[in-house]
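Here's the structure, in structure tokens; my notes come after.
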Amino acid sequence: MGSKPKVAFFDFACCEGCQLQIANLEEDVIGLTNLVDVVEFREVLTGSAPEYDIAFIEGSITRKEDEERIKDIRERSKLLVAFGQCAVSGGINRLKNNRESLDQVKKEVYGDSYNMPHLETFPTKGVDEVVKVDFHIPGCPIDKNEFLRVVKAIALGKAPSIPNYPVCIECKLRENECLFDLNEVCLGPLARAGCGAVCPSNGVPCDACRGTVNNPNQNAMHEILEKYNYTIDEITRKINLFGVKPEVKK
Amino acid sequence: MSKNIKIDVHHITRVEGHGNIVVDIKEGNVNKIEWQVPEAPRFFEAMVIGREYHEVATITSRICGICSIGHTFASLKATEAAMGIEISDLTKNLRELLLHGETLQSHILHVCYLVVPDLLKVNSVIPLIKSHTDIILLVTRLHRLANELCEIIGGRTTHPIRARVGRFSMMPTKKELEILKKRLVESVDDLKKLAEVVKSLAGGIPDFTRETEYLSLTNDKEYAFYEGECITNDINTPLHVDGYKNMVNEFVVPQSTAKYGKFNRESFMVGALARYNNNYKQLPSLSASVAGMLGLDGVNYNPFMNNIAQVVECVFAVERSIEIIDELLQTELKTEKKEINIKAGRGVGAVEVPRGILFHEYEYDENGICTNANCVIPTNLNHNNIQLDFEKYVKENLAIGEKEMGFNLEMMVRAYDPCISCSTHFLNIKFK
């Protein structure tokens, strides 16, 4: 067997809840350290390396200095994986892009000090808006078992597979009562599965934190909205919560 | 004595978020001692504006992955205060239980994975997997238990799903609670062993003290986490959380994207040691005995002892969780209806999270749309205290040389368990 792939983890603007899911693998992390060689992971270990076989990127890009840092990491990495919705689409951090202006956003948070140079920010971007991304692991937070599957696939030289069917499918398999029948607007018909429909199964509508499937079935969504007497606005307003582009226009 | 010391730690490791340490001493003269916070600001207070009241906790939970449960509760409490929503004892008990799950999860992670490597002088927990396998397995058992508690009660370990405005969207079953209780009772042995391990390493904790102001919640009933009023060692009467702005007095400094705070002194400290110092007399028997065993016997001014207070709070979290489950087992666990009477208003919510007291404040219009928000994050409140600890520590310890000083300053930052992503950024001056 060849030497273990050199793996590094980096975080940008985010809550670091996705790397926590890796810690939450508990004993399985020990198995993971047998499969790969973790050479850089600022939150966990002291140390660094000049280049990496796989770089895992968490968080969104919101500053010029971060853009330069991610470009530098990309140059030194054979493969680059964006993990967590912030890295995939900008995630919840993208909400600030919807406000009237970034100056307004800065004033609301920092008041009179808003113009100090170290508080500079630009519109939130997902990692693939700045550099090439080889694989995406969606979700807010990521599903730890999906993360494990992706790492194993990459370490074995295979392309990892992420579900491309809607949350409704997983929800039906769990035999949940449809939340539309309980007077809730749920994004399950459009949202990418892989979470096990965790929110609807806990009585809460899906917010599409893993983004939408490729080419979501818009007609089906419109039929549902019509049946339950909702307008498209209910969807477009809700779907931008996790930085998902509203692909449900007519 | 070394005359020149130059320390420049860019992005200190084994902390959540980004921080730098800069020390520059020439010919024994201090040119610079600075704790810097260059974390990318994320502007949560601006992100919630225009969103509906039931979405706000979903958004602000994402301030921090490690204390997402605490952020959820501070957020829900603020929204409920703004709209005059009362919660049932059942909801309160479930919230308190969930909060203890998070405290246990976070403290175990911090003390065992991030701090213990310092005490054993290794670069991370990874080499310990081979050298200290039994202890690492014990730690993963406790960490897993804490996470499973959060999953059973909150629906997910991170970013809880079931905790909603005014209620829980789903109840645990009695069976789940009974199993959870059994496992918590069994975990006491592991906790005692962990305390023994920490005791055997406690000689590595630097001998340093700086008395400061300690700010936390307090209440008559118990060692406060979920609710209470604000207390410090510099005031005699607890203050209502509504007046938090007059206590935290946040300000912006050039070396940090996180704001700093102060109250009656130049700085204050929040977190496990502040809670311990203010409320240690209310610790139940087991946590009190572990505190004594680990050398915490009343008010303590050594910031490095914050990690010891965290171990004590792990024991408390388990002791108290067992009591709450006993109460829940006597209650009918029925999902409550979601009927919210939407009202315009403003409210403050405060809760003790692993790193200290956390405040959220929101203002809503008559349609339940958020028009104003302010979140004051415990790590922010500690930045100023870290800076002043640095200054005293460096001046008192010039003789130890650059290498050991650098190591100990990093260790001091870790002792505070900073959660820097959380702390950037938050202050809204638009409130009149």
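All of the numbers you see were taken from the coordinates with simple rules; none came from a lab. In this text the structure is predicted, and so the values were computed from the model without any measurement. Heads up, the Cβs are rebuilt from the backbone with ideal geometry, glycines too, and the neighbour counts pull from every protein chain shown.
Each of residue B:407 and residue B:29 was given a label point 7 Å from its Cα along the Cα-to-Cβ line. The distance between the two points is 3.1 nm.
Mean per-residue shielding of peptide A:16-29 is 6, counting Cβ atoms of other chains within 10 Å of each Cβ. Model label points for residue A:175 and residue B:266, set 7 angstrom from Cα along the Cα-to-Cβ axis, are 6.6 nm apart.
Take each residue in A:91-103, count the other chain C-beta atoms within 10 Å of its C-beta, and the mean is 4.
The H on the amide N of residue B:351, modeled in the peptide plane, is under 5 Å from the matching H of B:358, each at least 5 residues off or on a different chain. Derived from the Cα gyration tensor, the three semi-axes of the equivalent ellipsoid of the protein assembly as shown are 36, 29, 27 Å, largest first. Counting only residues at least eight positions apart within a chain, or on another chain, the lysines with an alpha carbon under 24 Å from that of residue B:199 are B:121, B:130, B:281. If one computes the Cα centroid of segment B:32-97 and of segment A:1-52, what distance in Å separates the two points? Each part reduced to its Cα centre gives a spacing of 28 Å. Take every DSSP beta bridge whose two residues both sit in chain A; close to 20 percent of them are antiparallel. Please give the FRET efficiency for residue B:366 paired with residue A:79, using the beta carbon to beta carbon distance and R0 = 60 Å, rounded to the nearest 0.05. Here the calculated transfer efficiency is 0.70.
Rounded to the nearest 5, what is the percent of antiparallel bridges among the DSSP beta bridges in the protein assembly as shown? Taking every DSSP beta bridge with both residues in the protein assembly as shown, the antiparallel ones total about 65 percent. Full extension of the chain between residue B:399 and residue B:219 gives 60.4 nm of extra length, using 0.36 nm per residue less the Cα-Cα distance. With labels modelled as points extended 7 Å from the Cα through the Cβ direction, what inter-label distance (nm, one decimal) is found for residue B:137 paired with residue A:33? Taking the simple label geometry, residue B:137 and residue A:33 are separated by 1.5 nm. How would chain A be classified by its alpha-carbon gyration tensor: rounded, prolate or oblate, with rounded meaning a/c under 1.5 and the a/b versus b/c comparison settling the rest? Taking the square roots of the gyration eigenvalues as a ≥ b ≥ c, chain A is oblate. For residue A:211, the residues whose modelled amide H falls within less than 5 Å of its own, excluding neighbours fewer than 5 places apart on the same chain, are A:192.
Cysteines in chain A that lack a partner Cβ within the 4.7 Å cut-off: A:15, A:18, A:168, A:171, A:178, A:186, A:195, A:199, A:206. Note on B:152-162: average number of Cβ atoms from other chains within 10 Å of each residue's Cβ is 4.
Counted residue by residue at 0.36 nm each, then reduced by the alpha carbon distance between them, the extension gain from residue B:120 to residue B:211 reaches 30.0 nm.
Comparing A:201, A:131, B:348 along the charge dipole axis of the protein assembly as shown, the residue lying farthest to the positive side is A:131, per the Cβ-charge model. The calculated 222 nm mean residue ellipticity attributable to helices in chain B amounts to -14000 deg cm²/dmol, summing -39500 (n - 2.57) over DSSP H runs of n ≥ 4 and dividing by all residues.
Taking 0.36 nm per residue of separation and subtracting the Cα-Cα distance, full extension of the segment from residue A:230 to residue A:164 would add 21.2 nm. DSSP bridge analysis restricted to segment A:6-155 gives an antiparallel fraction near 10%, rounded to the nearest 5. Helix content alone sets the calculated 222 nm mean residue ellipticity of chain A: runs of n ≥ 4 DSSP H residues at -39500 (n - 2.57) each, divided across all residues, give -9000 deg cm²/dmol. Our Cα-only numbers for segment A:81-181 put the radius of gyration and Dmax at 18.7, 54 Å. Derived scalar couplings between HN and Hα for segment A:42-54 equal 3, 6, 10, 9, 8, x, 8, 9, x, 9, 9, 7, 9 Hz in order, rounded to whole Hz, by the Karplus curve 6.51 cos²θ - 1.76 cosθ + 1.60 (θ = phi - 60°), x for Gly and Pro.
Hey, in the GNM for chain A with a 10 angstrom Cα cutoff, which one of A:82, A:208, A:153 fluctuates hardest? Result: A:153 has the largest fluctuation of those listed. Backbone phi angles across segment A:79-87, fed through the Karplus curve with coefficients 6.51, -1.76 and 1.60 (θ = phi - 60°), yield HN-Hα couplings of 10, 10, 10, 8, 10, x, 5, 4, 6 Hz in residue order; Gly and Pro are listed as x. By the combined test of axial Cα extent (at least 20 Å) and Kyte-Doolittle hydropathy (mean at least -1.0), the qualifying DSSP H helices of chain B come to B:68-83, B:89-108, B:133-154, B:174-201, B:306-329, B:401-415. The alpha-carbon positions of segment B:44-423 define a convex hull whose volume is 130 Å³ per residue.
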